[in-house]
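First comes the structure, then the notes that go with it.
Nothing in this text is a laboratory measurement; each read-out follows from the coordinates by a stated rule. The structure presented is a predicted model; accordingly, all values stated were derived computationally and were not measured. Ideal geometry is used to build each Cβ from the backbone, glycine not excepted, and the neighbour counts take in all protein chains shown.
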Amino acid sequence: MSKTVLRTKRKFSSIADEIEYVYQKLLHWFYPVRDPAKARRYASRLKRLLQRRKKVRPGIFTEECWSLVCEVEGDYLQAIRHRKNEIRLIRRLHSITSKDQWELVSRFYGYDDLSDRLDLLALLYDGIGQTDRAIKILRESKALCDRHGIPFDGEEILQELLSDPQGNGTRNGRVKSRKH
């Protein structure tokens, strides 16, 4: 992550601007740095912000935020529910996007992003002990990458799950670095 993302910011132009800022901070502390205490602090703040926007229909980014909050809080079942909604919305976006619009859409939610979300979903399933389901989702992600000629980032995780299917969710802390 760049230093500009982590710079402290105290004033925001909108609630959406603050949500994006807190989301970036949460990602930083939860994934690359792995500081659970700081991650929980940002998850709590993000949760409050998301709750203030309950009247807004959940979109892709909102579902991603909720999934991350739930994962940090250890509620993997809710994290899975939100991640599945996020994936469903990305697929829906793909299905209604015209060829003329694809270049713009793919900057934010291309096939590589869909693959990343599938990989994250697989790790959540592994985290609750459903390794067979995690393997199935990772294979789906790999097939998606193969179909669209993009690199499959989940190969190491897939091989680890295949070689040790009784890992009992110990791999969940190894979620790969994320974009955004």
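Key figures
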{"item": "Shape category assigned to region 1-108 from the gyration tensor of Cα positions, a/c cut at 1.5", "result": "prolate"}
{"item": "FRET efficiency, 1/(1 + (r/R0)^6) with R0 30 Å, evaluated for Ser14 and Lys99 via beta carbons", "result": "0.40"}
{"item": "Whole-Hz couplings from phi, Karplus 6.51/-1.76/1.60, listed for region 96-113; x for Gly and Pro", "result": "9, 7, 7, 4, 5, 8, 4, 4, 5, 4, 5, 5, 10, 9, x, 5, 5, 5"}
{"item": "Residue order, fewest to most beta carbons within 10 Å, for Leu120, Leu144", "result": "Leu144, Leu120"}
{"item": "Region 54-61 - phi-based ³J(HN,Hα) in whole Hz, Karplus 6.51/-1.76/1.60, Gly and Pro as x", "result": "4, 6, 7, 4, x, x, 4, 5"}
{"item": "Mean separation of Cα contacts under 8 Å (6+ apart) over length of the chain, as relative contact order %", "result": "16 percent"}
{"item": "Neighbour-count ranking [beta-carbon atoms within 10 angstrom, fewest first] of Asp100, Asp17", "result": "Asp100, Asp17"}
{"item": "Inter-label distance, nm, simple model (7 Å from Cα along the C-beta direction), Arg92/Asp146", "result": "3.0 nm"}
{"item": "Distance between region 45-59 and region 60-80 - C-alpha centres, whole angstrom", "result": "12 Å"}
{"item": "Helix-only mean residue ellipticity at 222 nm for the chain, each DSSP H run of n ≥ 4 adding -39500 (n - 2.57), per residue, nearest 500", "result": "-23000 deg cm²/dmol"}
{"item": "Partners for Lys54 among aspartates and glutamates (Cα-Cα distance below 14 Å; same-chain residues under 8 apart left out)", "result": "Glu63"}
{"item": "Length released on extending from Glu156 to Arg107, taking residue separation times 0.36 nm less the Cα-Cα span", "result": "15.1 nm"}
